[in-house]
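What follows is a short report on a single structure.
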Amino acid sequence: MAVVHLASSGHYCLRTLAIAAAAVTTAAAAAAAATVTVGTVASSAISPPDSLGSAAGINYSPLAEMYAPLIKYHPDELYFSSSVDYMWPHYTMLNGDGSPVPGAPSPLNAGNVDFLTRQGKDASGTYLSVPGSPAGDPKVGPGDSYLYVGRDLGTSAPIYAFVVPKDFAVDIYYWVFSPYNLGKKITGLGYVGDHVGDWEHIMVRTLNGAAVSVDYNAHSGGAGEGSLKADDPRITWSGTHPVAYAALGSHGLWPTAGSNVYKTIAGVYKLVDECGDGAEWQTWNNVTTINYRQAAGYTGSLSWLNYNGHYGNVGDSTCWFHSLVGECKFSDGPGHPNRDMTGPPAQVLAAPNSDDPDHSSYTFYLSASAQAWGSAPSRNIRYVAVHQHCGASSSRRETDNWGWTAFVPGTALQKYIVYTNRCAKDAARYAASYEVALCTAGSEEGCASRSGLRELREYNGRSVSRDKGVLVVDVDGWSWNY
Ligand SMILES: *[C@@H]1O[C@H](CO)[C@@H](O)[C@H](O)[C@H]1NC(C)=O
C-alpha cells in the first residue's frame, strides 16, 4: 500500500489522498501490451475528494500571488487595464433596449451593483453602460477620455484570481479587466468589435502547490494558444510568474510576442492579436484572491461578483456587414467573470508513449457520481472503457481505438488505467481526443453510457507534436450526464 501525498504542507494546501492499491506494475503493463485492445485492471480506490465548497475558508493568497502572471503590454498600448472599481462612477445599469433598470442604485459601486441578483433575480440581460457608444479608430472621442487608462494605473491595477480546487489540481484563473477594448481593423470595413469593458484570463494549474500547466486564452470562444505544459519553451517564466503578452488594444493573453492570428472570418478576414515588449505589469503586487463560488453568493467587498450581467454597453448590429462578420464597429460589452470554472481546461495534456509506442496509456479518474451510477446493481456495469479518437489527413480517414478495464464498484473517486492500440500508421493519424464509457461488456456496443470527447494536446518536450501512441494522465475526474 502506497500513500501518496498530493498536497504539500504549505499553509495554502488542502488535502492528502491515500491511494490504497499499488499502481500498475511493469508486469501488468507488459500484459496489457500483449493483450492489445483489452487492457488489464490497474485501479485503486481513493478517498472522496473535498467538494468545491471546502475551499471557502482557506487562504489561497500566497498560491495566487506565487503564480500571478507578468503581463507585458504592447509598446503602443493606449487602453491599459484597471480595477473594476475605476469604472463604477462611469457606469449606469441599462436594459438591452436602453431603458434604465428600475431601482438600480446611483451611483453604482462594488457593494450595490448586485442588487438584482441579491433579490434572486437575474441580471444577465442588463448592461453596465457609459454615455454614448464610444468607438475608436483607434481614438475614442474627447468626452470618453477616461477610457484611456494610462500606463501607471495599468501596471499597478489589481488582477482578479479565482482559486478553484478540483479533485487533485488547484486551478487559478487570473482575470484582467480593462475599461475599453479596441476592436480589429479589417480592410474595407475599418475597426470592428470595439466595446466598453473587457475581461480576459489565463489559468495556471497547480498540483501539490507546483505549477504544471498554463492555459492561455484570447477573446471568447476558446481562441488562443490553449494549455501548455509549464516547461513548454514557449512560456517565459519570471521567477514563478508566467509571462503573458496582452494584445494591443484587445488584451487577449498570449505566451509569445508577435502577431497571433486567432480567427479567420468568412475565409478571408484574419483577426490578429499584436503582442510586444512594452510596459510590464507585475500583477503579483496587487492580487485580489477569490475563493471561487460557482453559484456566486459572494459577500462583502466581493459582492460585485454576484452581478451576472454585461460590463459594457449594448453593441450595434445594424451595419451592412453584421451578417458576414457577426459584429459592427461597436459591439456588446463582455459578460461577467464568474463563469463556469469547474470543467477541465480546453485540452488534456498528453505525451508520446515512447516506452511502448504501439499503445496509448490512459490514467484517469471516475468521479464519485460516475462511480455511483455504475455501481447500481441493475445496470450491471462490469467494464470501464477508453475510446481514443484519431485525427487524420482527411476526416474520412479518422479512426478509433477502444480499450477496457474492469469496473471497480464503489461510490468514491476511482483511478483507472486503460491501454489502447496506437492510432493506425497511414494517413498522418494522431491521437486527437478521448472519452471514457461505462460498459456491461468489453465491446463498443456494450457501453451503456459514454462521456463525450476531451481534446488531447500533445507535447514532446520541444513543441506540439502528434503521436500515434500517447501517455495521458488526466487529473480531472470524469462526470457527465450518464
Ligand atoms: C492596487 O489597485 C488599487 C486600485 O487601482 C490601487 O488603489 C492600489 O494602490 C494598488 N496597489 C498596489 C500595491 O499597487
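Please verify whether ALA123 is touching a residue at least 12 places away in the same chain (Cβ under 8 Å) and within 16 Å of the ligand (Cβ to nearest atom), treating the condition exactly as stated. Can you show your working first?
Numbers: touching a residue at least 12 places away in the same chain (Cβ under 8 Å): yes; within 16 Å of the ligand (Cβ to nearest atom): no.
The answer is no for ALA123.
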Considering only residues that are part of a loop (DSSP other than H, G, I, E, B) and over 10 Å from the mean Cα position of the chain (by Cα), which ones fall in the range 186-222? THR187, GLY188, LEU189, GLY193, ASN208, GLY209, ALA218, HIS219, SER220, GLY221
Report yes if some residue within the range 166-178 is in a helix (DSSP H, G or I), within 16 Å of the ligand (Cβ to nearest atom) and either within 27 Å of LYS270 (Cβ to Cβ) or not aromatic (Phe, Trp, Tyr) (or both); otherwise report no. no
Identify all residues within the range 364-390 that are outside any strand (DSSP E or B), buried (at least 16 other Cβ atoms within 10 Å of the Cβ) and touching a residue at least 40 places away in the same chain (Cβ under 8 Å); write none if there are none. SER367, ALA368, ALA370, GLN371, TRP373, GLY374, ILE381, ARG382
I'd like the full set of residues that are within 11 Å of the ligand (Cβ to nearest atom) and in a loop (DSSP other than H, G, I, E, B), limited to the range 140-165. VAL149, THR155, SER156, ALA157, PRO158
Just the residues that are crowded, with 23+ Cβ neighbours inside 10 Å, outside any loop (DSSP other than H, G, I, E, B) and of a type outside the set (Ser, Thr, Tyr), please, taken from the range 232-248. PRO242, ALA244, ALA246
Across the range 287-303, which residue is surrounded by the fewest Cβ atoms within 10 Å (Cβ to Cβ) among those that are within 22 Å of the chain's Cα centre (by Cα) and within 16 Å of the ligand (Cβ to nearest atom)? THR288
Can you name every one of the strands (runs of 3 or more DSSP E) wholly within the range 399-475 that holds 1 or more residues which are modelled with pLDDT under 90 and at negative phi? 454-458
Anything in the range 173-208 that is among the hydroxyl-bearing types (Ser, Thr, Tyr) and under 21 Å from ARG151 (Cα atoms)? List them, or say none. TYR174, SER178, TYR180
Can you spot a residue in the range 101-114 that is out of contact with any Gly (no Cβ under 8 Å at 6 or more places or on another chain), crowded, with 21+ Cβ neighbours inside 10 Å, of a type in the set (Val, Ile, Thr) and farther than 11 Å from GLY312 by Cα? yes
Among the residues of the range 183-192, is any modelled with pLDDT of 95 or more, more than 16 Å from the ligand (Cβ to nearest atom) and of a type outside the set (Val, Ile, Thr)? no
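Checking the structure you have, find out if any residue of the range 112-129 is more than 26 Å from ASN291 (Cβ to Cβ) and aromatic (Phe, Trp, Tyr).
Yes.
Condition (residue is in a helix (DSSP H, G or I), among the hydroxyl-bearing types (Ser, Thr, Tyr) and over 29 Å from the mean Cα position of the chain (by Cα)) applied to the range 61-68: is it met by at least one residue?
The answer is no; no qualifying residue exists.
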Between a first residue in the range 72-86 that is under 15 Å from ASP273 (Cα atoms) and a second residue that is surrounded by 22 or more Cβ atoms within 10 Å (Cβ to Cβ) and aromatic (Phe, Trp, Tyr), which pairs have beta carbons less than 6 Å apart while being 6 or more apart in sequence or on different chains? LYS72/TYR245; TYR79/TYR180
Filter the range 72-94 for residues that are acidic (Asp, Glu) and part of a loop (DSSP other than H, G, I, E, B); which is farthest from the ligand (Cβ to nearest atom)? ASP76
Per the filter on the range 264-286, residues touching a Leu at 6+ places or on another chain (Cβ under 9 Å) and more than 16 Å from the ligand (Cβ to nearest atom) are THR264, ILE265, ALA266, TYR269, ASP273, GLU274, CYS275, GLY276, GLY278
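The values are calculated or read from the model by the stated rules, or taken from the named source; none is laboratory data. Please read these numbers as outputs of a predicted model, since none were measured by experiment. Note that we place each Cβ from the backbone using ideal geometry, even for glycine, and neighbour counts take in every protein chain shown.
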